Amino acid sequence: QVQLVESGGGLVQPGGSLRLSCAASMRIFSFYGMAWYRQAPGKQREWVATISRGGSTDYTNSVKGRFTISRDNAESTVYLQMSSLKPEDTAVYYCNTPSGVLPWGQGTQVAVSS
């Protein structure tokens, strides 16, 4: 069964940076587009960024210019480099395919606070 394991979250001050990782135990990882999502307290899960299997990227407007999604197909891992973090980025971050069809992992908590 496919497993997604997110890591790299933590507590960071506004303006700081974090790099999230998502390790996927799935065959032919390189065939899949991957995405990051986040869920803030009391809110629905929202899409953050997508990377296609060819490496094309797309971002929700609120993170453009601050977040970078990338992937390492050899390691079956997708990354989210987050910079210039704001308190409103506080959420649990998850990865999945762009259609969200895989079993969701436990996520990784990101808290941005002074």
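The values are calculated or read from the model by the stated rules, or taken from the named source; none is laboratory data. Computed from a prediction, not measured in an experiment: that's the story for all the values here. Cβ: placed from backbone, ideal geometry, glycine included. Neighbour counts: every protein chain shown. SASA here: full protein model, heavy atoms, side chains in, ligands and nucleic acids out. Shrake-Rupley method; radii C 1.70, N 1.55, O 1.52, S 1.80 Å.
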Filter region 54-96 down to the residues that are touching a residue at least 60 places away in the same chain (Cβ under 8 Å) and more than 16 Å from Gln39 (Cα to Cα) and list them by number. Tyr79, Gln81, Ser83, Ser84
Does any residue in region 20-36 that is touching a residue at least 60 places away in the same chain (Cβ under 8 Å) and buried (at least 20 other Cβ atoms within 10 Å of the Cβ) come within less than 7 Å, Cβ to Cβ, of a residue that is acidic (Asp, Glu) and part of a strand (DSSP E or B) six or more places away or on a different chain, and which pairs are these? Leu20/Glu6; Cys22/Glu6
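Each row is one residue, and each column tells you yes or no for (1) buried (at least 18 other Cβ atoms within 10 Å of the Cβ); (2) small (Gly, Ala, Ser); (3) out of contact with any helix residue (DSSP H, G or I) (no Cβ under 9 Å at 6 or more places or on another chain).
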{"residue": "Gln3", "(1), (2), (3)": "no, no, yes"}
{"residue": "Gly8", "(1), (2), (3)": "no, yes, yes"}
{"residue": "Gly15", "(1), (2), (3)": "no, yes, yes"}
{"residue": "Ala40", "(1), (2), (3)": "no, yes, no"}
{"residue": "Ser56", "(1), (2), (3)": "no, yes, yes"}
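When you check Ala91 against the structure, is it modelled with pLDDT under 95, out of contact with any His (no Cβ under 9 Å at 6 or more places or on another chain) and of a type in the set (A, V, I, L, M, F, W, C), yes or no?
Numbers: modelled with pLDDT under 95: no; out of contact with any His (no Cβ under 9 Å at 6 or more places or on another chain): yes; of a type in the set (A, V, I, L, M, F, W, C): yes.
So Ala91 fails the test.
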So which pairs qualify, if the first residue must be in region 1-14 and closer than 17 Å to Asn96 by Cα and at pLDDT below 95, the second must be part of a strand (DSSP E or B) and open to solvent by less than 30 Å² (accessible area, probe 1.4 Å), the Cβ gap must be under 8 Å, and the two must be at least 6 apart or on different chains? Val2/Ala24; Gln3/Ala24
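Take residues that are within 23 Å of Gln3 (Cβ to Cβ) and tell me which of the strands (runs of 3 or more DSSP E) falling wholly in region 46-114 contain 1 or more. Break it down stepwise before answering.
On the way: elements: 46-51, 57-59, 67-72, 77-82, 91-96, 108-112.
The strands (runs of 3 or more DSSP E) meeting that bar are 46-51, 67-72, 77-82, 91-96, 108-112.
Find the residue count for region 57-114, including only residues that are among the aliphatic types (A, V, I, L, M) and closer than 15 Å to Gly10 by Cα. Explain how you work it out, then say what you get.
We begin by selecting, within region 57-114, every residue among the aliphatic types (A, V, I, L, M); these are 63, 69, 74, 78, 80, 82, 85, 91-92, 101-102, 110-112.
Those left that are additionally closer than 15 Å to Gly10 by Cα: 80, 82, 85, 91-92, 110-112.
The qualifying residues number 8.
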